[in-house]
């Protein structure tokens, strides 16, 4: 079976999201989502689809429980498909695509009947399971059977399961244990059995004490019943005593209510409503009066505002003239100024033309304009002249400089020495340079080695315990850290047990001390008689009786026996005294039965605690012996290296420091070898350089062994050879360049001369239109053109100023005409004689005044209209309030408003009486204890109130002075009789002990069943593990070897089984060189990959005999480096060719690796 589609219709943050897993092959499907994107939500949705929603879910924060819906499509190996949806319901949660309920058996068939836990363990793995699986392999010491079984069953903590079964069984029973539950129960059972066996036979007085006990119990029952009834009667009378005053008050209140007569009960809000209506009437009347006064003032103000309607009608024209007024006044100011500027421009233009052509008039100046049309050509010729002049000068200069450079180069080349060849010397220098600064390296390494030896020797001395040399340290054979940890655990266990035993002993000794203190307190309270004392007194009494009987009845001579019986008194007096003493002891035993029992219990407790303390002392000695044996074994572990060890915890730290020291010492020794190699290489490079220098003719002596002086000298020789060669090459290149420059300069000089001749012809043609009689230089021609251009521009400006003057005259005439027309239309004769600009200002001022008056009139009209509406609205409100007031009067039953206060007072008094009556009835109901009020009244009527206190006091005296003291005496008597029965009836004690024995026997049976089940479960699990190993070891291990090699990047060639010291088959990793490595020596990451390889191999082996199911992988690559993560991805892709694998991850690098694998394997990426 495989998953083709997952529909997240309404789940967590998803709505209508679909993940499609449909592909040709089962494939590896990587579901990627960054944090908070919904990766974990998608995984929970898949589990909910297959096995239903949990009872409580955290994925209902966006969709309510009843709206949660997931769907999907599953395909079996036979091609059958099942499309369905699942909702969150306890029943009928499966639906087909049409929304109809679906039978759960249809889905269960595809899932092969697996429950959620089994599916998750066999076909699911996450990072926590992976890590726990690797740790479990280490904990079980690589045992092959357990590792294979854990991977096959998907159990990541099989070792803990086995250990927990053994621990639970050991907590129940141990063959030599004493603190286990079954051991303790067996001990208790034996003690109770002894009690039953030693229980005494009942005495002759048992029946008498039993009769007295029955009579006392009967009398106790009678007295307690009488006491109960007396107390009940006292409570009834006390209730009546409290209720009678309330009943009287209730009658008075009802009488007052009748005196009020018929009352109209007003609602509580009546007064508030009345106040609101009255206040509304007052406020509305005042507001209406204010509005009417305001309306009158506005009407009077409206009549005072006068308007000129014609002025308002021509407002736009007036505004237009007011805007044009500024231009009119500006025209008046500018006309004279512009005319003066025009005259000045024409005068200046005439003067400039006269400077150029005295014979030319100002009116004929336009004849010079064609020359300005050729201004660009003239400027170009001027520029061309300058360029040609510069080129000619530059050509002559470059020609002279090139000739001088050529002569100097030829002279220098003749003076250079011949160039030597440096091939072999250069090779020797390169080889020496590639080695680096070998002198400094050698010196630095030597310093580091010396300093390191000094430092680590000092550290070795500080560590102590071992007195060897540094060079011996790497080969030193020390116990493994695991061995030290085992000793540490054993020492800790011993210390824990000793501490616990010490605490238990301290607690037991404290209990013993407390028991002894209590025992002393009992002794200080007076010596107590014992059964032995009573038995001795009775024997003495019987002895006296036998002497008297022999003397008085048989007439025998008992003189000697009488003297022996009591030497000081006659036998009959002594007999009477012993009879009295026996009776006195018996009476005391009866009276002080409680103290005697406590004393006996204390004695038994003291003896038991002393026995327990003795056992604890024995256990302490055993622990001391065990600690001594452990210390001997611990010291033996270190004998081979002649170390007197400290505690395991201290030795663990010492081992860690020693391992660091060993690593550093090994590094120092390696560096010494490196220094020796570097010295040999340095000598080789030195000899090679000196030999090549000698070949080159250099015979300088170099004392010492350093390479640097020889190398520096050889490099200086090479630099000199290279410098000579480079200088010669540079001069020859320069010689060639200078010759080419000389040729270019000669050619440039010839070309420039021809170009100047052509320029002169073009210059004469361009200046022909000026009419000048003399030759004009290029620099002068530019000035002439600027003068002509300036004159023509001034003439043009003067013409433009004349056009502006004409426009100003037209605008001023039009403005005056428009002002005259407007004055005629507005009919304002007082403005006719004013200048146009003054008339316009007056018109604008009058227009503003009329517009302001018009705005005020409109505003006043709007306010008048609003006030009119407000007055009408107020009158309606006033009418409504008067109507509400009439309704309130009608509700109170009053014809006039003056009668309302009295009606309100009567209503309030009536309601107050009602509340008091209700409170009195409620109080009576509470104190009546469920008795009806009618019955309470009847009892009160039948009772004399004055006699109630005396009756209650008499009942209390009867209870406290007669009944309860007598009941106390009866209880004491019952206790005494029961004590007598216990002392004289061994059967009761035996029966009690037998009853406890039955309970303990039942507990032993229950614990034994539990112990048997635990031992049987452990045995069956171990047998099944061994059977699974024998059946699946070879095929699964063969597949797992390939996976393991791939996951570890072939750091291991595969897996094999080996035999440990106990004869158990264990897993080992095999290197490429056939060496083997146990799981304890593997890193934590490698053990994780071993567990994953076993899981993948088991899954692949299972495919041969069962229906495939999707393998769900949840972010297991968190701690894998990039290379091993890619290798794991490839392994999952290989499995994906046979079985669908769905990998959930939030790491982008996994997605990148998956994209690279897409071209080679069936790998698919789904991004959330």
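Tabulated data
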read-out: Whole-Å semi-axes of region 605-728's equivalent ellipsoid (Cα gyration tensor); value: 80, 14, 7
read-out: Value of Rg to Rh for region 712-771 (Rh from inverse mean 1/r over Cα pairs, i.e. Kirkwood); value: 1.59
read-out: Extension gain, residue 633 back to residue 1076 (0.36 nm per residue minus Cα-Cα distance, nm); value: 156.5 nm
read-out: Exposure proxy ranking, count of Cβ atoms within 10 Å, fewest first, for 7, 1073; value: 1073, 7
read-out: Pair residue 926, residue 397: separation of 7 Å Cα→Cβ label points (nm); value: 12.6
read-out: Structure-based [θ]222 nm, the chain - -39500 (n - 2.57) summed over DSSP H runs of at least 4, per residue, nearest 500; value: -25500 deg cm²/dmol
read-out: Kirkwood-based Rg to Rh ratio, region 1002-1138, C-alpha trace; value: 1.09
read-out: Residues of region 495-509 with amide N under 17 Å of the 7 Å Cα→Cβ point at residue 622; value: 495-505
read-out: Additional length obtainable on full extension of the chain from residue 830 to residue 647, 0.36 nm per residue less Cα span; value: 52.9 nm
read-out: Folded to 0 to 90 degrees: helix 127-139 orientation relative to the chain principal axis, Cα; value: 50
read-out: Footprinting exposure proxy for 277, 1151, 265 (fewest neighbouring C-beta atoms within 10 Å first); value: 265, 1151, 277
read-out: Acute angle (nearest 10 degrees) that the helix 206-260 long axis makes with the longest principal axis of the chain, alpha-carbon atoms; value: 50
read-out: With 10 Å bins from 0: P(r) over region 483-641, alpha-carbon pairs, percent; value: 9, 21, 16, 14, 13, 10, 8, 6, 3, 1
read-out: Cα-Cα pairs of the chain separated by more than 40 Å (percent); value: 82
read-out: Burial ordering of 705, 794, fewest other beta-carbon atoms within 10 Å first; value: 705, 794
read-out: Contour excess over end-to-end distance, with Cα ends at residue 92 and residue 279 and 0.36 nm allotted per residue; value: 60.5 nm
read-out: Two-site FRET efficiency, residue 221 against residue 961, from Cβ-Cβ distance with R₀ of 22 Å, rounded to 0.05; value: 0.60
read-out: In nm, spacing of pseudo-spin labels at residue 603 and residue 498 (7 Å Cα→C-beta vector); value: 3.9
read-out: DSSP beta bridge pairing in the chain, given as percent antiparallel to the nearest 5; value: 65
read-out: Residues residue 729 and residue 477, FRET efficiency given R0 of 56 Å [Cβ-Cβ distance, rounded to 0.05]; value: 0.20
read-out: Between helix 778-826 and the chain: long-axis angle, C-alpha atoms, 0 to 90°, nearest 10; value: 70
read-out: Pairs of alpha carbons in region 902-985 whose separation is greater than 18 Å (percent); value: 73
read-out: At R0 = 35 Å, FRET efficiency that the Cβ-Cβ distance of residue 706 and residue 1050 yields, to 0.05; value: 0.15
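Read the figures in this text as sums done on the coordinates, not as results from a lab. Worth saying up front: this structure is predicted, and the values here are computed from it rather than measured. When we count neighbours, we look across all protein chains shown, and the Cβ atoms used for this are built from the backbone with ideal geometry, even at glycine.
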